[in-house]
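Accompanying notes for the structure given below.
The values are calculated or read from the model by the stated rules, or taken from the named source; none is laboratory data. Just so you know, these numbers come straight off a predicted model, no measurement behind them. All Cβ positions, even for glycine, are placed from backbone atoms using ideal geometry, and neighbour counts span all protein chains on display. Note: areas computed on protein heavy atoms with side chains; ligands, DNA, RNA excluded. Shrake-Rupley method; radii C 1.70, N 1.55, O 1.52, S 1.80 Å.
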Amino acid sequence: GESVGLHLPTLSVQEGDNSIINCAYSNSASDYFIWYKQESGKGPQFIIDIRSNMDKRQGQRVTVLLNKTVKHLSLQIAATQPGDSAVYFCAETPSGGYQKVTFGIGTKLQVIP
Amino acid sequence: SAVISQKPSRDICQRGTSLTIQCQVDSQVTMMFWYRQQPGQSLTLIATANQGSEATYESGFVIDKFPISRPNLTFSTLTVSNMSPEDSSIYLCSVDRGGRSDTQYFGPGTRLTVL
């Protein structure tokens, strides 16, 4: 069936460096993509989103890139801080009113002080 | 965004018993969702709960095992019935505030351990 997956289950990054978390999706009908951050013992927290009519969107220290040709999504975190340590999930949903949101496997980001 | 609370935050239960988890939102929302997150894994949608209608369950989840109530636009409950150790998970509710955004906002989760 359709799925959303991640290339790297664990990513270790030195504090101050940039982090890149990748996600592949298989549903060509996907229209809306979201990145969530989940800290230990908490629910997922919305970080940034992007629609399929865009290929890049920037937030505070975060950038999401969307490559529809190869069905690839990435989250870039600039100047990674210890507080960025968490599990990051990509999620996608097709267009056309409410559709089921599908979550990827998740990548654990470890920031080394 | 939305402020979402869940009760209890965690519980340890005996096999064969049932637990009801509550989800409260700080404003009226059309759609509420219940997810299960098994240890070290991603989120799996259990069901969608709309006010005034029966919940819609995903494949692999049934109403007898996970009955859901949605009495109003700010509240929902999920019951995990006749629990077994395999039900040990984090259970999360989320809401979709509708409009142009399809973003779901999540509660803090309920960590359930079944002995």
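Taken over the range A:31-47, the criterion of being open to solvent by 10 Å² or more (accessible area, probe 1.4 Å) and either out of contact with any Pro (no Cβ under 6 Å at 6 or more places or on another chain) or closer than 13 Å to A:Leu73 by Cα (or both) is satisfied by A:Asp31, A:Lys37, A:Glu39, A:Ser40, A:Gly41, A:Gln45, A:Phe46, A:Ile47.
Condition first: among the aliphatic types (A, V, I, L, M), touching a Lys or Arg at 6+ places or on another chain (Cβ under 9 Å) and surrounded by fewer than 12 Cβ atoms within 10 Å (Cβ to Cβ). Can you find one or more residues in the range B:106-115 that meet it? Yes, some residue in the range B:106-115 is among the aliphatic types (A, V, I, L, M), touching a Lys or Arg at 6+ places or on another chain (Cβ under 9 Å) and surrounded by fewer than 12 Cβ atoms within 10 Å (Cβ to Cβ). With respect to the stated conditions, B:Thr44 fails to be open to solvent by 20 Å² or more (accessible area, probe 1.4 Å), within 28 Å of A:Asp31 (Cβ to Cβ) and in contact (Cβ under 8 Å) with a residue 60 or more places away in the chain.
When you look at A:Ser28, is it outside any strand (DSSP E or B), within 13 Å of another protein chain (Cβ to nearest Cβ) and out of contact with any His (no Cβ under 7 Å at 6 or more places or on another chain), yes or no? Answer is no for this residue.
Residues of the range A:81-93 being in a strand (DSSP E or B) and of a type outside the set (Ser, Thr, Tyr), which ones? Residues satisfying the conditions are A:Ala86, A:Val87, A:Phe89, A:Cys90, A:Ala91, A:Glu92.
Scanning the range A:37-80 for residues that are within 12 Å of chain B (Cβ to nearest Cβ) and in a strand (DSSP E or B) gives A:Lys37, A:Gln38, A:Gln45, A:Phe46, A:Ile47, A:Ile48, A:Asp49, A:Ile50, A:Arg51.
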